[in-house]
Each structure stands twice: as C-alpha cells, then as structure tokens.
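Here is the structure we will look at.
The values are calculated or read from the model by the stated rules, or taken from the named source; none is laboratory data. Source: prediction; values computed, not measured. With ideal geometry, Cβ positions are generated from the backbone for all residues, glycine too; neighbour counts draw on all protein chains shown.
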Amino acid sequence: MQNGSDSSPVPLAESLCAAFQHTVARQPDALAFVALEDAQRYTWRDYADEVERVASALHRLGVRRGDTVGIMLRNRPEFHFVDTGALHLGAIPVSIYNTLPAEDVAWVLNDAAASVVVSEQMFASVLEEAARYGWKKKALVFVDSTPRLTDVVSSPDEFDFDSSWRRVRQLDLATISYTSGTTGPPKGVELTQRSVLGVLAAVAQVVGTVSDARVVSYLPTAHVAERLISHYPSIVHGVEVWCCPDTAAVAGHFAQVRPTHLFSPPRLFEKIRAALESCVINEHDAALQTATMSALEDGYRLVDLREARQPIPAELHARYEAGRVDYLTPLLARVGLDRVRVALAGSAPVNPEMVRYFLALGLPLRECWGISEACGFAAISDPTMGQLGCVGAPMPGTAVRQLDDGELLIRSPWLMNGYHNRPELTAETIDDDGWLHTGDVGSLDAEGNVRITDRKKELIINSFGKNMSPANIEAKLKDAHPVIGQACVIGDARPYNVALLVLDPVVAATLRARQGDEVQRTVDAAVEQANARMSRVETIKKYVVLDDEWLPGGVELSPTMKLRRRQIAVKYADTIESLYDEAGTLRS
C-alpha cells in the first residue's frame, strides 16, 4: 500500500542564507532570541551582526566553503550565531550531543573531518580528552571566555561576506546530523539546504503559518527535530526563540515564555499532564474543582464523538466551549500552555490516551512521525479528524508504503543525501527506486493515515514464538497511572514478560505525602489495570520498581528520550535475571 505525493509543495528560497537575509531585511528590530539563563535579548539586526562576525572569525581560522565546523554548545543564542555564520561561509555545521563521552566525540569529529570546534568552557575537558582519543584538532574556541570566537576577525580585504553567502545553494549541506543511536557508532545523516527548506514548507502547509510563532529551544541542537522547531524556522519564518540551556528546567519556563508552538518527545507531555492533574486533585475550591472536572469530561465526550465520526450535539459543543474558556484554558495557563496553537509529540512512542487528554483540555496536540534520514518529519496528525493512535497522513511531497513484513518506507524530495562516509549503508537504507527503509513497523489505513507499531528491531519474540511490541506494552503501563514515569519491558526469547519501572518523582512525592505505602499500592493497581488491557501473552508477570531516575543522555535514555534497550539490559542484568527466578516476587 502506498500513500502521498512525491511532488514539491511550494517554491523554495535559493538557500538558508538567502532566507536569513530576507528575514533580517523584513524585521530588523523584531526580537530574535532571548537567553533564559541570563535574560539577554537579541534583535534580528543583532543576529545578523553576530553571523557576519562569526563567519569572518571562522574564515580567519582557516574554514572554507565545504569544510565542517564542530559545535558543542547548549541551547543558547550563540549556537544559532555559529551555525548560521558557518552556513554563510559555505561551511557545514555539525552539532555534537553534549552528553557524549570523549571517545564518541572524537569519533564524530574525525568522521566529519571537523578540525575546528566552537564550544563553551564547561565542555573543555571532554574536548581536550577527545583530542587524546585521536581527534585531529586544529582550533578549539569558546563563546564564553576571553578571547572569544568573535574576537578572531579577518581583515576586510581577505574575506568578502556578501559574496560568500550568495554562493551558497540549495544542494549545499545544511548539516551532518549524527544520530544519537542506541547501539553502535553514530551515523552521519547528510541533509541539504533544499531538504530543510522543503520540509519546513510542507510543515507550514499542514500546521498553518508560523511567522508570528514563539518557541522554547531546549532539546539537543544535534537532533534534527530541535533544528526544525527552533533554528531553521527562525531563519526562514522569523520565529522568536527562547533558549533554555537546561532541559530539566524547561517546564518551569513555559509560564514565562507562553509559547505558541511546542514539540517534545512524549515524556514532557506526560510530566505536564501529571502536574495538571495534581492541580485539579489538590484544588481547595471544591466548586472550581467540580467545574473543571465537568468541563474536562465534556472535552472527552467531544473528542470521543469526533473519533467515532459522530455528529457533536450543539448543546455539548456550546457547554464545552464555555467550560474551556472558564476553566480549562486557565488550567493550561498555570503551566504556561494557554497560548499554544500547535503542539507536536514524537521521536518516541506516543500514548493515544495522553493525546486524548490534551485534546479534551483544548490543547491541539498532534502526533508526528519521521526520522533524521527523512529530514525529521514525514507525517503529522490532524486533531480535528479523529486520528488518535495514528500519526496522520504523509506530508505534502512525501509518499509512504508498507512492505509485507510491516516495515514502512518513505520517498520524498527531502531525503538525506546519504550517510556520511558510509556508501554501503546508504545503499542498504535507500533502495534503487528511492524508497527509504525506515526500520519502523506500522500500517496504512483506508484513508492513508500512518500508524506506527514498533521499531522493526525492537519487537519481542518470546520463547513460544509470539511477536509483540514492547513500546505498546510500555505505553499501557505508563497510561495506567502517572506515577509510572518510565517502563522498559523485557521478554525476548523469554517465557513471559517482565518490566523495569521508574517512578515519576513529583507524583511519587505527592503519594508519599499522603501515606508512605500508597506508592506501592498505586503501582500494583496500575500494573493490574494495564494487564487487563493486554492479551495474555503481553501481560507483565513480574516487575521491579527501581530507585534510579532515568535522564536524557544517560545510560538508559538517548538524548531524545528513547529507551537504550541494550544498555538497560546490561546495567540491570542481575535484576532482570532475578525476575525470571522462580523464587522471584511479583513486585519490589
């Protein structure tokens, strides 16, 4: 089965540099960036001045058209200055995950041939160690020390900034994005400026105008999703970007920023849901609590009718709209999300019940799907079309088809050039007909909507030969109660499934404040409830609640919060084996 079109949706700018210069000319005094760390603000005129200084400095350091520039920075305005400055030089910016160990940093820098790296002092020791691992360092400069990168200035007669950026074309690389991966060395995904411009145009067609958008930049800038939510939309559409250098603090900044557009892996939305539910549960005004819960119930009824493709009674619609204005939007305002026009959840399995909750609240949450090799986005759901549990139809310019084994393939003009220095792997991933083999298992319904089941290589095949999706089981566990923050299901080549559970610290603390043993009772009930929604072969027979907290970029989670299943299996090998011990208990 196949769905979608391969045609280019709209005319594109000649390059990201040309789009940037157009944006600067259009709104020189508008706000471009706010640094949430120190509240420093930059207009588009400031941005343009910094870009020219950076390009000049990089030229002085020997960077030329087609060279690569390594960037190891947190989410701060300087990242945008350096990345865009490198583009204007005709160079290729390569961002590095800040959580990578020195050996992996050296591998990425050597594979990309990035002899010049721009960073900040907090990563100096890692980069110096990377040099000891064989990184061929030419220059390592910092944005937060003296002398700074922009203190290295070329003389006017040796660098013509205007001529430099005008030579940049659509087929020049915008970046080499190294996938964080869960196993093996990172793969460098080559993305052209044409790919970036094309995907941005397609996204704008699906979600609407983003010219007056305000976003919070907090995900790793090495990840394509962050670049497509903050960095590149700022260049093309003039989006206002608030930079949050500490991912763990992002939810606390929403009330200050009041973003209009938001993207996140589902974990952040799950934490926001837990916070909102806590607000309602702990509301001292009984009348307000009752009215809020009643409005939310009306929201659920409306969403469910929409899902069933049933007409919505005028009385219900009017009552819901009144309740949304009076109670639900003020509830969203408590966490700073009352102005959100577009919310996207992706990069990891998304629980349909979580989407249903936010739609009932009035937050227009859309599930999305894509991979770095397809330049980030391939499909985005429509919350008005009854698409819970699916990622929607392929975007304009994108086609999707399904193989007999369930694997989904993507074809579009915006696919990667290939894997950097990996022609054989590129040939394995993109076939002779131009179809990208995603490794994702799913289906296409009669209307052409895409549903994702699992990663092809992450399916559990138990010792009885039964196939099942660990992601689906994990979603049911987390959906059963917000106290379950993370879940990892094990069962491959085993007689039954077990689970490692990690508590949400905020929800667990609330439960402990009531009664010490309420946490365990709640977890027990949640697992029982989740099991009731599964087939017998899927159910969790034993589980353990870990004392650890799993953080992005750690052993257990990738920087984009995907489970690192192999690393988890190694770290918790003894714990897992104890759950398969006949003497093991159901819970811990």
Subject >> Residue list for the range 523-546, filter: in contact with a helix residue (DSSP H, G or I) (Cβ under 6 Å, 6 or more places away or on another chain) and polar (S, T, N, Q) >> reply: 529, 539
**OP:** Being assigned by TED's automatic domain parsing to the domain that holds residue 540 and either among the hydrophobic types (A, V, I, L, M, F, W, C) or farther than 29 Å from residue 380 by Cβ (or both) narrows it down to one of 479, 504, 492, so name that one.
**Re:** 492
**OP:** From (1) among the hydroxyl-bearing types (Ser, Thr, Tyr); (2) farther than 19 Å from residue 164 by Cβ; (3) surrounded by fewer than 24 Cβ atoms within 10 Å (Cβ to Cβ), pick out the condition that doesn't hold for residue 56.
**Re:** (2)
**OP:** Give 75, 98 a once-over and let me know the one that is in the same structural domain as residue 171 (by TED's automatic domain parsing), closer than 20 Å to residue 224 by Cβ, in contact with a Phe, Trp or Tyr (Cβ under 6 Å, 6 or more places away or on another chain) and not hydrophobic (A, V, I, L, M, F, W, C).
**Re:** 75
Original post:
Counting only residues that are closer than 19 Å to residue 411 by Cα and either among the acidic types (Asp, Glu) or surrounded by 20 or more Cβ atoms within 10 Å (Cβ to Cβ) (or both), how many does the range 443-454 have?
Top reply: 6
Original post:
Among the residues of the range 328-338, is any over 21 Å from residue 262 (Cβ atoms) and surrounded by fewer than 24 Cβ atoms within 10 Å (Cβ to Cβ)?
Top reply: no
Original post:
For the range 25-51, which residues satisfy the criterion of being in a loop (DSSP other than H, G, I, E, B) and of a type in the set (A, V, I, L, M, F, W, C)?
Top reply: 30, 36, 39
Original post:
If you check every pair at least six apart or on different chains, which have Cβ atoms under 6 Å apart with a residue in the range 107-125 that is polar (S, T, N, Q) first and a residue that is part of a strand (DSSP E or B) second?
Top reply: 119/72; 119/142; 121/142
Original post:
Among the residues of the range 1-24, is any aliphatic (A, V, I, L, M), at pLDDT below 95, touching a strand residue (DSSP E or B) at 6+ places or on another chain (Cβ under 9 Å) and assigned to a loop (DSSP other than H, G, I, E, B)?
Top reply: yes
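Condition check ((1) over 18 Å from residue 559 (Cβ atoms); (2) modelled with pLDDT of 95 or more; (3) in contact with a helix residue (DSSP H, G or I) (Cβ under 9 Å, 6 or more places away or on another chain)) across all residues:
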site	(1), (2), (3)
94	no, yes, yes
101	no, no, yes
104	no, no, yes
115	yes, no, yes
118	yes, yes, yes
122	no, yes, no
134	yes, no, yes
152	yes, no, yes
155	yes, no, yes
Original post:
Has the range 53-69 got any residue that is among the acidic types (Asp, Glu), modelled with pLDDT of 95 or more and assigned to a loop (DSSP other than H, G, I, E, B)?
Top reply: yes
Original post:
Has the range 245-258 got at least one residue that is in a loop (DSSP other than H, G, I, E, B) and over 17 Å from the mean Cα position of the chain (by Cα)?
Top reply: yes
Subject >> Matching residues in the range 286-341 - criterion: being among the β-branched types (Val, Ile, Thr) and in contact (Cβ under 8 Å) with a residue 24 or more places away in the chain >> reply: 292, 303, 329, 335, 340
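Out of 174, 225, 201, 213, which single residue is touching a Phe, Trp or Tyr at 6+ places or on another chain (Cβ under 7 Å) and in the same structural domain as residue 19 (by TED's automatic domain parsing)? Before the answer, list the steps.
On the way: 174 fails: touching a Phe, Trp or Tyr at 6+ places or on another chain (Cβ under 7 Å); 201 fails: touching a Phe, Trp or Tyr at 6+ places or on another chain (Cβ under 7 Å); 213 fails: touching a Phe, Trp or Tyr at 6+ places or on another chain (Cβ under 7 Å).
Result: 225 is the single residue among 174, 225, 201, 213 that is touching a Phe, Trp or Tyr at 6+ places or on another chain (Cβ under 7 Å) and in the same structural domain as residue 19 (by TED's automatic domain parsing).
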**OP:** Name every residue in the range 460-474 that is out of contact with any Asp or Glu (no Cβ under 8 Å at 6 or more places or on another chain), in contact (Cβ under 8 Å) with a residue 24 or more places away in the chain and not polar (S, T, N, Q), in order of residue number.
**Re:** 464, 466, 474
Subject >> Hey, residue 263 of a type in the set (A, V, I, L, M, F, W, C) and part of a helix (DSSP H, G or I) or not >> reply: no
Original post:
How many residues does the range 363-417 hold that are surrounded by fewer than 24 Cβ atoms within 10 Å (Cβ to Cβ), in contact with a His (Cβ under 9 Å, 6 or more places away or on another chain) and either among the small types (Gly, Ala, Ser) or touching a residue at least 40 places away in the same chain (Cβ under 8 Å) (or both)?
Top reply: 2
Original post:
Name the residues in the range 202-226 that are aliphatic (A, V, I, L, M) and either in a strand (DSSP E or B) or under 23 Å from residue 179 (Cβ atoms) (or both), would you?
Top reply: 202, 203, 215, 216, 219, 222, 224, 225
Original post:
Among the residues of the range 499-516, is there at least one that is within 31 Å of the chain's Cα centre (by Cα), closer than 22 Å to residue 469 by Cα, crowded, with 17+ Cβ neighbours inside 10 Å and of a type in the set (Asp, Glu)?
Top reply: no
Subject >> Candidate set from the range 445-473 (those that are modelled with pLDDT of 80 or more and in contact with a Leu (Cβ under 8 Å, 6 or more places away or on another chain)); member that is farthest from residue 537 (Cα to Cα) >> reply: 450
Original post:
Looking at the range 421-510, what strands (runs of 3 or more DSSP E) fall wholly within it and have at least 1 residues that are more than 24 Å from residue 523 (Cα to Cα)?
Top reply: 436-444, 450-455
